[in-house]
1. Here are some residues: A:A26, A:A21, A:A76, A:A32. Which one is out of contact with any His (no Cβ under 6 Å at 6 or more places or on another chain) and open to solvent by 30 Å² or more (accessible area, probe 1.4 Å)?
2. In the list B:L57, B:L78, which residue meets the criterion of being more than 14 Å from every other protein chain (Cβ to nearest Cβ) and touching a residue at least 12 places away in the same chain (Cβ under 8 Å)?
3. How many residues are more than 13 Å from A:V65 (Cα to Cα) and either over 13 Å from the mean Cα position of the chain (by Cα) or open to solvent by 10 Å² or more (accessible area, probe 1.4 Å) (or both) if we restrict to the range A:167-179?
4. Which of the residues spanning the range B:17-31 are at the interface with chain A (Cβ under 7 Å from one of its Cβ atoms), open to solvent by 60 Å² or more (accessible area, probe 1.4 Å) and part of a helix (DSSP H, G or I)?
5. Give the residue that is surrounded by the fewest Cβ atoms within 10 Å (Cβ to Cβ), with candidates limited to residues of the range A:49-63 that are under 13 Å from A:L13 (Cβ atoms) and in contact with a strand residue (DSSP E or B) (Cβ under 9 Å, 6 or more places away or on another chain).
6. Would you confirm whether or not the range A:118-129 contains a residue that is of a type in the set (F, W, Y), over 22 Å from A:A32 (Cα atoms) and out of contact with any strand residue (DSSP E or B) (no Cβ under 9 Å at 6 or more places or on another chain)?
7. Could you figure out which of (1) touching a residue at least 60 places away in the same chain (Cβ under 8 Å); (2) part of a helix (DSSP H, G or I) isn't true of A:R137?
8. Restricted to the range A:219-232, and to residues that are open to solvent by 50 Å² or more (accessible area, probe 1.4 Å), in contact with a Lys or Arg (Cβ under 9 Å, 6 or more places away or on another chain) and closer than 12 Å to A:L182 by Cα, which residue is farthest from the other protein chains (Cβ to nearest Cβ)?
Amino acid sequence: MTVPRLLVLIPCLNEEEAVGAVIQRATAVLDATVLVIDDGSTDGTARVARENGAEVVRLPFNLGVGAAIRTGLRYAWQNGYDHVIQIDGDGQHDADEARKLLAAVTAGDVDLVVGSRFGSSYRVGRLRRLCMRYLARVTTKRLRTPITDATSGFRAFGPRAVALFSRSYPSDYLSDTVEALLLAADAGLRVVEVPTLMHPRQGGVPSANAWRSAFHLARLMLVISLHRFRRPLTPRSPDR
Amino acid sequence: MKNRLDAFSIIVAVANVAVMVELFRRRKVRERFALLWIVVGLGGVILAVARPLLDDLSHELGIVNGTSFLFLLALLFLMFVCVALSLQVSRLAERTEILAEEIALMRAPTDEANASR
């Protein structure tokens, strides 16, 4: 049996302060190639990432987290990586915890693992909590497996998930997490959630703004409510 | 006569929503635009069903004719949509330029190699 090839995928937007340490932690703890997708940063994110030994793919302008992840998963598929761990570039996700996610995927009975932020003392405002509860309830029902943190960006993809999502992945804000879970369920992927510890962010600024979040939540509700009637995403031709 | 008019406006409003939902279902239209038009369509349905609402509103604003108020609303909304689309087109144009430049730069080495062959 061959050793699974692992890619640590870090989507980044202006994370020059934090991304160096994130890459160092990841390479220290995991036997993996680290890939930074620089989603149109205006600071030295790409340079810092390269100095810390990561592979870097620079997008020519900001496309959003979903598109950055799609790019990374295509990279994984084209270069023969069959396992991918997605980690935030701001240092919130712990590399040790990433091993927990990886263990669940390499055990072979799960295709997609979601690292829940509620494993630690993750605090959110009341309104946000309400929205997260709603999304958790919807995804739990569709996936028939308990999900508490549907919008978590701390995930591990097994070979089937890499193959599926490298060909089609929703790119809008919030869709890249929640809608991706629904698509995984449609494709018969086995999804499981694992509680994980989180750090406070090490630098950079959060990208969410209240109006934008509200708009995307409304858009997401439309997507969720009509999801089962929609045509499937048109997949690209396989690159390999 | 008035009932027939009501029925007509309701049918138009509902058809509007139905068309947008179908385009959304076929993934022909980006979700953000689908959301916009579905919300507008639902607004149309509400106005068509509750016609006195429109008259009351326009009366409050000092507009004598409810229909003129509706035209005003429609005009303002269409202007808003035009501006929003202009912004989108500007952004797309800028991105296309950047992409063309990136491709030209990527192609430069192969062009050179082919020329010197």
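The values are calculated or read from the model by the stated rules, or taken from the named source; none is laboratory data. What you see is a predicted model, and the numbers here were worked out from it, not measured in a lab. Here the Cβ is made from the backbone with ideal geometry for all residues, glycine too, and neighbour counts use every protein chain on show. The protein model used for the area step is the full one, side chains on, heavy atoms only, and it has no ligands, DNA or RNA in it. Shrake-Rupley method; radii C 1.70, N 1.55, O 1.52, S 1.80 Å.
1. Working: A:A26 fails: open to solvent by 30 Å² or more (accessible area, probe 1.4 Å); A:A76 fails: open to solvent by 30 Å² or more (accessible area, probe 1.4 Å); A:A32 fails: open to solvent by 30 Å² or more (accessible area, probe 1.4 Å).
A:A21 is the lone residue from the list that is out of contact with any His (no Cβ under 6 Å at 6 or more places or on another chain) and open to solvent by 30 Å² or more (accessible area, probe 1.4 Å).
2. On the way: B:L78 fails: touching a residue at least 12 places away in the same chain (Cβ under 8 Å).
Testing whether each residue is more than 14 Å from every other protein chain (Cβ to nearest Cβ) and touching a residue at least 12 places away in the same chain (Cβ under 8 Å) leaves just B:L57.
3. The number of residues fulfilling the criteria is 2.
4. The one that is at the interface with chain A (Cβ under 7 Å from one of its Cβ atoms), open to solvent by 60 Å² or more (accessible area, probe 1.4 Å) and part of a helix (DSSP H, G or I): B:R25.
5. Applying the filter and picking the extreme gives A:R58.
6. Step one: filter the range A:118-129 for residues of a type in the set (F, W, Y), giving A:118, A:122.
Adding the requirement that they be over 22 Å from A:A32 (Cα atoms) leaves A:118, A:122.
When the remaining residues are screened for being out of contact with any strand residue (DSSP E or B) (no Cβ under 9 Å at 6 or more places or on another chain), the result is none.
Checked the range A:118-129: no residue is of a type in the set (F, W, Y), over 22 Å from A:A32 (Cα atoms) and out of contact with any strand residue (DSSP E or B) (no Cβ under 9 Å at 6 or more places or on another chain).
7. Status for A:R137: all satisfied but (1).
8. A:R228
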